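Right, one structure below, let's go through it.
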Amino acid sequence: MEHKAIYKLCKGLGCCEACCLRYIGIKNPNAYENSINFVTKYNDENEPNSIEIKNNNESTTDNEKNTTMSSTKSETNKSNENNDNSIESTENVDETTIEVNNEVESNGRTSPPSKKRKVNICVSCLGVLQEDNWQEGFQMVKELLDKKGYECTTFACALSAPIATLLREKIITLNIVDEFPQYDAKVLTPLKEAWKWSFGVKLSAYINKTLDSGAVSPLLVTVNMDYTDDLQELEILKLVSPQLFEERRKQRRRFVTEFTRRSVEQALEKATLSSLKAAGAQLVAVRARGVCGYIKLSRNLPQSPWILDGKRVLPSSVQEIIFAPLAKCYKWEEADAERRLKLIAAGREDVDVRCLGDGRPFAVEITDPTRQLTDEELKEACKEISNSGQVIVKRIVPITREDLIQLKNGEETKSKTYEALCIKLSHSKYDTDHTSPVRVTPEDIDRINSYTNTDTDVRIAITQKTPIRVLHRRPLLTRNREILELTAELVPERPQLFVVRARTAAGTYVKEWVHGELRRSAPALRDVLAARADLLALDVAAVHLAWPPS
Amino acid sequence: MEYNILDSIDLNDSTIYKSFTDRYFSKRYILNIDGIKNNDIMLMFHSNRITLLCLAPSHFFFKRPDNYSLNFTVGEVDRLSNLVKGKGKKGGQMLTPKSVICKVQWSDGTSFNIPCCMKGTLIEINENLVKHPELLRQEPDSDGFIAIMLSSIAISEATKKELLNHEEYLKRVNSSL
Ligand SMILES: [Zn+2]
């Protein structure tokens, strides 16, 4: 087997030097101690580091590491899956395990400029084997060991790597086999071995202890590398191996989580390159995210393309209007843009509902961006979006994965203020004159403004059955919801109309609350009014979520 | 305010004043069920294959001013104990067009049945009718609906095609007067 060819292929896919060696099947620990030097023999001399240079132009990765440290705990090391260099398992020595959580994060960020040399995160190990990511881990381990003051002169180390690395290894292996059918996937050197031989050796010098096998040393340092996209990335396996995960889902009591190393290995066992590709698997290490809030001015615009039976119902969508200028910056065709851009919004409004105020918080996730967009380009993109006349985006700023979690969590906690244009359709039971035309009276307005049915800060506690419009795809439930604030006012020259502003708890169906939906929502605004009433138009006036994060 | 809600719609456009049921449902009718004159039912189809069971305005029920009560126990089956679980609405009572949903009992002891007129699953009985049976008379095409049913797209579409639409219904009812 041509080592050079495999090296080139892996490098081209975006592997780090150490991973290239793993795929070649190098088992010599020394090779991993300085993999960058070791691989020089695979580089063609007349075109030195050609791939390096190309990659460096993608100045995207500011390797943002958010480090958390979990508490130390004493536990017995049951390393039965380690068929490593340890001799055999010992009996229960009272070993100490140190867990260091080290987050692998690969957000593309523009600022602040990092003095550190920028490295492209490896698509295979997600940075686990890349020296530039180690310093923080070394420090964390050292600090913890100093604090604990273990006198033991040896240590063993173990890696808990992101499960997504298994999926990525499979994709790369299949790519190699695709190119070189005689390639034997079994030659792959396990990630944890390569890591021990490189990270472990350097850590040994840093903490001044001798690296030993877990069977011998009573001190075990477990380094836990978290990859925040881990579970999201593994979602595609449900498409690759639907039965397996359906089984696990059914036995939810037995399997707390869907994705474990074991289940992922099972799912990957028979996977082919085409099945993985069809499911949407990608080798991407870099994701950039931009955020802001969008203001929607149209009552005829869905958030995402509305397609029914393969035909477009409406010509455009918020998503398409926002994506267009971004795709233009990257010179992406429509299909490419659709694949690489993802709109993540804090909820969505109905097609016929406008979203005003500061707009609805959203983020755009750019998968595998070829570069970072400049402030100028982002400003220009906002201008172009706003020129649509249907959507306004005031600014776009880069964010991190953590911010995104806030956006997603916000969906369950945020309250919203709505403005609704309403019509009174019959005399109320309080109206004294039932012969004159129906009109909204100042008494009606007072009644709405003072109505409450709780003793708490909540103005109106309501129950809502699952609305009929979504009942075909959601379970029938009766939910308790809250109207937190409520004010109403008359509309000049329109005696039957009135406008209400209501702040509602997350998950409240506000249209249904206004008209009562055949009394399936109660008490509805019409019940407060004690007259038939309906909704003519609805706006989201504010989404109460601090966004973008400061 | 910058984008005034009053300017955002055309207040002279009559379609914005359509009632809730007229906005979202299309009405279909079955007349003289079981050969009984004016034993007329209205089904309201939502585009998502949810269907509401209602009495048609021409039903003989509306011609009689007597007091009545509603009975949702049909033979062995208690319609009020209907329970559906999950997205799939598992456990809902199965319905055929002849299935009786509710019995209307007049104060003189006579009664008539309300059949559901289509194949599907019972999702929900209008619980408000239990406390407020007068809704059946006062708001038969909205808050006085009888039940919510769900069927497959195929059945929903086929039934819709087969039954009288609103114009055909008006023609038939007016010519039989
Ligand atoms: Zn790597």
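Key figures for this structure:
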| quantity | calculated |
| --- | --- |
| Which numbered condition A:ASP226 fails, given (1) outside any strand (DSSP E or B); (2) modelled with pLDDT under 90; (3) charged (D, E, K, R) | (1) |
| Failed item in (1) out of contact with any helix residue (DSSP H, G or I) (no Cβ under 6 Å at 6 or more places or on another chain); (2) within 14 Å of another protein chain (Cβ to nearest Cβ); (3) open to solvent by 20 Å² or more (accessible area, probe 1.4 Å), with B:LEU53 passing the rest | (3) |
| Restricting segment A:396-425 to residues that are of a type in the set (A, V, I, L, M) and surrounded by fewer than 19 Cβ atoms within 10 Å (Cβ to Cβ), the residue that is farthest from the other protein chains (Cβ to nearest Cβ) | A:ILE405 |
| Subset tally (residues that are open to solvent by less than 20 Å² (accessible area, probe 1.4 Å) and within 11 Å of chain B (Cβ to nearest Cβ)) for segment A:499-510 | 2 |
| Count of residues meeting criterion [assigned to a helix (DSSP H, G or I), within 16 Å of the ligand (Cβ to nearest atom) and in contact with a helix residue (DSSP H, G or I) (Cβ under 8 Å, 6 or more places away or on another chain)] in segment A:120-163 | 2 |
| Residue list for segment B:59-98, restricted to those being touching a residue at least 24 places away in the same chain (Cβ under 8 Å) and closer than 19 Å to B:LEU150 by Cα | B:PHE72, B:ARG79, B:LEU80, B:ASN82, B:VAL84, B:LYS89, B:GLY92, B:GLN93, B:MET94, B:LEU95 |
| Any hit, segment B:75-95, residues being closer than 23 Å to B:LEU163 by Cβ and β-branched (Val, Ile, Thr) | no |
| Matching option when the condition is open to solvent by less than 60 Å² (accessible area, probe 1.4 Å) and more than 14 Å from every other protein chain (Cβ to nearest Cβ), among A:SER450, A:SER428 | A:SER428 |
| Index of the failed condition, A:PRO492 passing every other in (1) open to solvent by less than 60 Å² (accessible area, probe 1.4 Å); (2) more than 27 Å from A:VAL351 (Cα to Cα); (3) facing chain B (nearest Cβ under 10 Å) | (1) |
| Number of the condition not met by B:PHE20 [criteria: (1) open to solvent by 20 Å² or more (accessible area, probe 1.4 Å); (2) over 30 Å from A:LEU297 (Cα atoms); (3) within 14 Å of chain A (Cβ to nearest Cβ)] | (2) |
| Long-range neighbours under 6 Å by Cβ, at least six apart or interchain, first residue under 18 Å from A:PHE199 (Cα atoms) within segment A:7-28, second open to solvent by 20 Å² or more (accessible area, probe 1.4 Å) and more than 9 Å from the ligand (Cβ to nearest atom) | A:GLU17/A:ILE36; A:ARG22/A:LEU188 |
| Every residue from segment A:511-534 that is touching a strand residue (DSSP E or B) at 6+ places or on another chain (Cβ under 7 Å), open to solvent by 20 Å² or more (accessible area, probe 1.4 Å) and either assigned by TED's automatic domain parsing to the domain that holds A:ASP352 or under 21 Å from B:PRO140 (Cβ atoms) (or both) | A:ALA522, A:ARG526 |
| Which numbered condition B:SER14 misses (of (1) within 14 Å of chain A (Cβ to nearest Cβ); (2) over 28 Å from A:LYS424 (Cα atoms); (3) of a type in the set (Gly, Ala, Ser)) | (2) |
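The values are calculated or read from the model by the stated rules, or taken from the named source; none is laboratory data. Quick caveat: nothing in here was measured; it's all calculated off a predicted structure. Ideal geometry is used to build each Cβ from the backbone, glycine not excepted, and the neighbour counts take in all protein chains shown. Areas reflect the complete protein model, heavy atoms only, side chains present, ligands, DNA and RNA absent. Shrake-Rupley method; radii C 1.70, N 1.55, O 1.52, S 1.80 Å.
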